[in-house]
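Asks: Okay, handing you the structure first.
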Amino acid sequence: MDAASLRTEFHTKRFSYDISKYPFKEILENLYGCELKFLHKYLGEYNEFKQSTDQSTLAHKVFYSNYNKILKPIYINFIENFVAHLLYPHKFYYQLIPTFRIGLPNNVFVGEFHKDSKYNHQSYELNFNLGLENYEGSASLKTEKKRNSDDWIILECPYGEIFSFDHIDCLHGSELNTTNETMVSFDFRLALKELYFESDAISINNKTILKPGYYFSSDYVN
Ligand SMILES: [Fe+2]
């Protein structure tokens with residue numbers, strides 16, 4: 001088994017989960033005190049995000065500073081009881097803190113078109129995106145259909161679904177959100193245990209070393 005063929009197998013696939021078991025959106029709406037689609041009303045004005053600023057809003061700070069207390073238990077439950085079934089029989093480490101995304105109206109949610117290999121992510125990874133609000137049309141992810149194809153598709157993700165895509169080998173990014181609602185999502189990476197290798201690579205986003213116990217869970221999931 002090699003990771004590239006597993007990523008190709010999962011590329012653009014969507015999977016439904018039970019939102020009554022994993023009510024991520026309700027938890028976040030309680031935290032923010034507003035509907036996620038209206039977050040832009042309270043965040044102020046931002047220039048078009050670049051790679052260096054696409055994690056910079058107050059909503060990002062609120063997400064990460066409250067993550068351990070309110071989201072971590074349900075996220076781990078989701079990984080161990082839902083995602084693990086999708087990956088069976090592969091064992092994996094998982095991203096400890098998912099990456100939070102906000103697509104404000106007339107802005108992008110990823111600062112540049114890229115492959116994650118540019119950001120030090122390694123070939124043993126898989127990537128999943130979980131839409132929470134308005135992950136559709138111009139507000140969603142744009143990716144190459146196949147690596148180096150310059151043939152593009154939009155991947156939408158209604159609440160209650162996740163999708164995977166080949167973040168290492170396919171160029172991807174976001175266009176301006178031309179709707180008048182905020183797009184909200186998070187995404188996370190898995191490191192396949194059979195293929196994992198030690199390196200000193202560091203995540204560009206949160207400056208954490210890409211190792212189990214740091215960026216990834218210290219224990220692997222079956
Ligand atoms: Fe990416």
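The values are calculated or read from the model by the stated rules, or taken from the named source; none is laboratory data. Note that this is a predicted model, so its numbers are computed, not measured. We place every Cβ from the backbone using ideal geometry, glycine too, and count neighbours over all the protein chains shown.
Asks: Would you check which residues across segment 83-116 are aromatic (Phe, Trp, Tyr) and within 16 Å of the ligand (Cβ to nearest atom) and list them?
Replies: Here is the first cut: in segment 83-116, the residues aromatic (Phe, Trp, Tyr) are 88, 92-94, 100, 109, 113.
Residues satisfying the conditions are Phe100, Phe109, Phe113.
Asks: Of the residues in segment 32-60, how many are among the aromatic types (Phe, Trp, Tyr) and free of Cβ contacts under 8 Å to residues at least 40 places away in the same chain?
Replies: Result for segment 32-60: 2.
Asks: Is segment 119-136 home to any residue that is within 16 Å of the ligand (Cβ to nearest atom), under 23 Å from Lys61 (Cβ atoms) and modelled with pLDDT under 95?
Replies: Yes, because at least one residue in segment 119-136 is within 16 Å of the ligand (Cβ to nearest atom), under 23 Å from Lys61 (Cβ atoms) and modelled with pLDDT under 95.
Asks: Starting from segment 112-135, take each residue that is on the phi > 0 side of the Ramachandran plot and list its partners that are acidic (Asp, Glu), counting only C-beta distances under 7 angstrom and pairs at least six apart or across chains.
Replies: Asn134/Glu181
Asks: Hey, does segment 199-215 have a residue that's out of contact with any Lys or Arg (no Cβ under 6 Å at 6 or more places or on another chain) and under 21 Å from Ala139 (Cβ atoms)?
Replies: Within segment 199-215, one or more residues are out of contact with any Lys or Arg (no Cβ under 6 Å at 6 or more places or on another chain) and under 21 Å from Ala139 (Cβ atoms).
Asks: Take segment 173-214 and flag every residue that is within 15 Å of the ligand (Cβ to nearest atom) and surrounded by fewer than 20 Cβ atoms within 10 Å (Cβ to Cβ).
Replies: Filtering segment 173-214 for residues within 15 Å of the ligand (Cβ to nearest atom) gives 173-175, 185-190, 201, 203-206, 210.
Residues satisfying the conditions are Gly173, Glu175, Ala201, Ser203, Ile204, Asn205, Asn206.
Asks: Name the residues in segment 139-160 that are of a type in the set (S, T, N, Q) and either touching a Phe, Trp or Tyr at 6+ places or on another chain (Cβ under 6 Å) or at pLDDT 95 or above (or both), would you?
Replies: Listed by number, the residues that qualify are Ser140, Thr143, Ser149.
Asks: If you don't mind, another one. Any residue at all in segment 17-39 that's buried (at least 16 other Cβ atoms within 10 Å of the Cβ) and modelled with pLDDT under 95?
Replies: No, segment 17-39 contains no residue that is buried (at least 16 other Cβ atoms within 10 Å of the Cβ) and modelled with pLDDT under 95.
Asks: Also, I was wondering about something else. State whether one or more residues within segment 152-166 are more than 17 Å from the chain's Cα centre (by Cα), surrounded by fewer than 20 Cβ atoms within 10 Å (Cβ to Cβ) and within 16 Å of the ligand (Cβ to nearest atom). Working first, answer last.
Replies: We begin by selecting, within segment 152-166, every residue more than 17 Å from the chain's Cα centre (by Cα); these are 152-153.
Still in the list and also surrounded by fewer than 20 Cβ atoms within 10 Å (Cβ to Cβ): 152-153.
So of that shortlist, the ones also within 16 Å of the ligand (Cβ to nearest atom) come out as 152-153.
Yes, there is a match, as at least one residue in segment 152-166 is more than 17 Å from the chain's Cα centre (by Cα), surrounded by fewer than 20 Cβ atoms within 10 Å (Cβ to Cβ) and within 16 Å of the ligand (Cβ to nearest atom).
Asks: If I go through segment 116-146 residue by residue, how many of them are within 22 Å of Asn106 (Cα to Cα), of a type outside the set (A, V, I, L, M) and not in a strand (DSSP E or B)?
Replies: 6
Asks: Quick check, is His90 part of a helix (DSSP H, G or I) and either in contact with a helix residue (DSSP H, G or I) (Cβ under 8 Å, 6 or more places away or on another chain) or not polar (S, T, N, Q) (or both)?
Replies: Details: part of a helix (DSSP H, G or I): no; either in contact with a helix residue (DSSP H, G or I) (Cβ under 8 Å, 6 or more places away or on another chain) or not polar (S, T, N, Q) (or both): yes.
Spelling it out, it is not the case that His90 is part of a helix (DSSP H, G or I) and either in contact with a helix residue (DSSP H, G or I) (Cβ under 8 Å, 6 or more places away or on another chain) or not polar (S, T, N, Q) (or both).
Asks: Right, here's the next one. Looking at Ala84, Ala59, can you tell me which residue is surrounded by 14 or more Cβ atoms within 10 Å (Cβ to Cβ), in contact with a helix residue (DSSP H, G or I) (Cβ under 9 Å, 6 or more places away or on another chain), more than 18 Å from Phe165 (Cβ to Cβ) and small (Gly, Ala, Ser)? It would help to see each step written out before you state the result.
Replies: On the way: Ala84 fails: in contact with a helix residue (DSSP H, G or I) (Cβ under 9 Å, 6 or more places away or on another chain).
Matching residue, one of Ala84, Ala59: Ala59.
Asks: Is there any pair linking a residue in segment 86-97 that is touching a residue at least 60 places away in the same chain (Cβ under 8 Å) and on the phi > 0 side of the Ramachandran plot to one that is among the aliphatic types (A, V, I, L, M) and surrounded by fewer than 19 Cβ atoms within 10 Å (Cβ to Cβ), with Cβ under 6 Å and at least six apart or on different chains, and which?
Replies: Every condition considered, no pair remains.
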